[in-house]
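Step one of this worksheet: look at the structure below.
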Amino acid sequence: MIADLDGPVLVISPHLDDAVLSAWSVLRSPPPGGVQVVVLFAGIPPDGTTGRFDPIFGATDSAALVRQRRAEDLTALGAVGLVPIHLDHLDDQYRTDDVRVDDLVASVAAAAGRVSAIVAPAGIGRHPDHVAGREVAFELAHRSGAAVSIYADLPYATNLGWPAWVTGEEADPHLVPEAAWARVLSEVAPLADLEAVVSCFDEEECGAKLAAARCYASQWPALEGGPHARISNPAVAAFEVRWRVLSRPG
């Protein structure tokens, strides 16, 4: 993979929903070269597998569930004219061995070709697949020279809501949501070298994002947190945050 200013932006999605949930602003405002979404952990486990989390989704056959999720991802991203690349690496809940970042890098590099920039998860929430996606992005950037941005992982990043500097509302002195992000972000780069970009969606655009998110029908009730509306709550759904990584040690 090489950097090409005329190439597409590469959006790294750890799972079969993350690009829509956390990087909608990139999908809907692509540069002239377009956007390419690569889903890292879209592998289908052996028939008869039941992952440790899949019973929450009402599933007892994880292979069938992943096939359904792949179809959902095609529908969701197809709504914005995109066809994702689904890699065959297994989700954390189906693996018995640690994932090798070098293997992921090789798969993405083979699939992506030329890119103008890379957008990847920040790893907020510390899900191992999200952290791996972040490390893949930085390794690809190191090899290619492409610029990197990292996005606030939803729903993990908004367990306490968005900070006041995102929403424009008056800050609550007793609630500082970004304090929960600080340690993860400091692992990426000094905070002074991260430039925050806030996307604010109007009602129409917010509706378009939620319509795409609801295409993930097998995941939607759990993503919402049941009655808590973690995704569709207007105070959450109207915003996204990502950070341009201006420099990184090493």
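Here is how the numbers come out for the structure above:
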read-out: Percent RCO, i.e. relative contact order, over the chain, from Cα pairs under 8 Å lying at least 6 residues apart; value: 24 percent
read-out: Debye log10 I(q)/I(0) at q = 0.19, 0.27 Å⁻¹ for region 116-190, Cα point scatterers; value: -0.81, -1.23
read-out: Bridge type composition, the chain - antiparallel percent by DSSP, nearest 5; value: 40 percent
read-out: Spin-label model distance (nm) - residue 169 vs residue 186, 7 Å beyond Cα toward Cβ; value: 2.8 nm
read-out: Whole-number D in µm² s⁻¹ for region 1-81, Kirkwood Cα-pair radius fed into Stokes-Einstein, 20 °C, 1.002 mPa s; value: 152 µm²/s
read-out: Rg over Rh, two decimals, region 160-215 (C-alpha only, Kirkwood Rh); value: 1.06
read-out: Rotationally averaged projected area of the chain (alpha carbon convex hull; nm²); value: 13.2 nm²
read-out: Potential extension, residue 203-residue 102 segment - 0.36 nm per residue separation minus Cα distance; value: 32.2 nm
read-out: Spin-label model distance (nm) - residue 53 vs residue 83, 7 Å beyond Cα toward Cβ; value: 2.9 nm
read-out: Reference-scaled alpha-carbon Rg (2.2 N^0.38 Å with N residues) for region 57-177; value: 1.26
read-out: For residue 147, distant residues with modelled amide H under 5 Å away; value: 118
read-out: Contact order normalised by residue count of region 60-180, Cα under 8 Å, 6+ apart, percent; value: 18 percent
read-out: Percent RCO, i.e. relative contact order, over region 1-104, from Cα pairs under 8 Å lying at least 6 residues apart; value: 29 percent
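Where a number appears in this text, it was derived from the coordinates with a stated rule and is not lab data. Remember, predicted model here, so these are calculated numbers, not experimental data. Cβ coordinates were reconstructed from backbone atoms using ideal geometry, including for glycine residues, and neighbour counts include every protein chain displayed.
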